Amino acid sequence: MLDTGAERLLVVAPALNEAAVIGRVVRDVREIAARADVLVVDDGSTDETARRAAAAGAYVVRHAYNLGIGAAVQTGLKFACARGYDLVVRVDGDGQHRHEDIPALYAALCEAGADAAFGSRFLPDGPWRHANPEGMAIPPLRRAGIVCFSCLIFALTGERATDPTSGFACYSRRATEVLAAFMPQDYPEVESRIILHRAGLRTVETPTRMLPRRTGASSITAARSLYYAGKVTVAVLMTALKSLEARSPYDREMRVMPPMRSTAGSRSWPSR
Amino acid sequence: MAIPLIQRIVAVIISAALLLLIVQLIRTRRLREEYALIWLAAGVTIFVLSLFGGLVNWLAGLLRVSYPPTLILVAGLLFALVILLLQSVAISTQADRLRDLAQYAALLEQRLAAQEERSTESHE
């Protein structure tokens, strides 16, 4: 069980055609974080994803068409900003993340006083070294790619990110606001580390395991992985160059780039 | 280098037609000012160059280009490149706005549905 005290927690689960598992994901999360709200962002599914998520007790926001994983997470973060949540946990809608680790993620965030905590499969003291029958086997090539991204992030930010492609994360209010405005779109996991660093926010990692997918296929197939690696590298380098100036009134309202503005009270976006 | 009269006449007619088309598109508001500017510049440049054939030769001499028509090709290519770049910027802007709008619509729909649910509950 997770107790966040007076802080309001939103668990965001982006989902695309996950009708088979989304109900279980929502129920799992609600069991572990009973006082949290769950938001499923349905990124243009053509199956029953939205209905089943709602039936399991989640808020559901549906994109009219597929906007991509980055935009789906961003929609969740915008929802959290608008409703004044203090914390956001992001899990995958396909049930790959171990929801039992959400309390550990939250604890890591609080303990370090950080603004973002990421679940990592590769921390030296993590469980990945041990016999792990239910854990996901990671092909060597993918492992090599992940190490490359770690090095890239270290070179650009000086921070250690042992599992930069992990999407299992807990964000503070400040991190939520930054990413609601500047969430990278195509490969958000790696790039968002750069954004958070540039916004002056601290990140920590905590050990977790990832489960094998229950259904469907990973969005990264073996043949595409090299192409993926190249694209992410270019995208990360571009992210390091991008201006973090607000470009729309909405961004401006959300802006927490230096100089930092206090964000007391909840906003009533999108009305007003 | 002398260009045959018939070629010059054809060039002037074509460039004048292009310029007129651009102006007409602006007049009927089918071409927004932001994109119209670069097209106008291209149209006027082509028109002036075709009208005054000596201009190309003079410019070529100035830049030490041995074969003056190359200059026209280079200028055309540059205009095309700039226009393409501007179009990419425009498409990027629109893609961003479209995403923001889609998210906004999705969030509004959720709010509306929740509100409707609440109001039917309170009526029952």
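Numbers below:
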| quantity | calculated |
| --- | --- |
| Cβ crowding within 10 Å averaged over residues, with A:66-78, A:191-203, B:84-96, B:103-115 ranked highest first | A:66-78, A:191-203, B:103-115, B:84-96 |
| A:H97 long-range amide H proximity, modeled H, under 5 Å | A:D92, A:L211 |
| Dipole magnitude of chain B about its Cα centre (Cβ charges: Lys, Arg +1; Asp, Glu -1), debye to nearest 20 | 940 debye |
| About the Cα centre, charge dipole magnitude for region A:1-97 (Lys/Arg +1, Asp/Glu -1 at Cβ), debye | 240 debye |
| Taking A:C81, A:C148 and counting other C-beta atoms within 10 Å, the order from fewest to most | A:C148, A:C81 |
| In region B:13-89, chymotrypsin sites (Phe, Trp or Tyr not before Pro) in a DSSP loop with at most 13 other beta-carbon atoms within 10 Å | B:F52 |
| Number of partner chain Cβ atoms within 10 Å, mean per residue of B:96-109 | 6 |
| Per-residue average of Cβ from other chains inside 10 Å of B:110-116 | 3 |
| Lys, Arg +1 and Asp, Glu -1 on Cβ, resulting dipole of the protein assembly as shown about Cα centre, debye, nearest 20 | 1140 debye |
| Percent of beta bridges antiparallel (DSSP, the protein assembly as shown, rounded to nearest 5) | 30 percent |
| Selected from A:L77, A:Y65, A:A108, residue furthest toward positive end of dipole (region A:11-127; charges at beta carbon) | A:Y65 |
| 4 °C / 1.567 mPa s Stokes-Einstein diffusion coefficient of region A:19-65, Kirkwood radius on C-alpha pairs, µm²/s | 123 µm²/s |
| Shielding score for B:15-21, defined as the mean number of other chain Cβ atoms within 10 Å | 0 |
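Each value in this text was obtained by applying a stated rule to the coordinates, not by laboratory testing. These numbers come from a predicted model, not from an experiment. We place every Cβ from the backbone using ideal geometry, glycine too, and count neighbours over all the protein chains shown.
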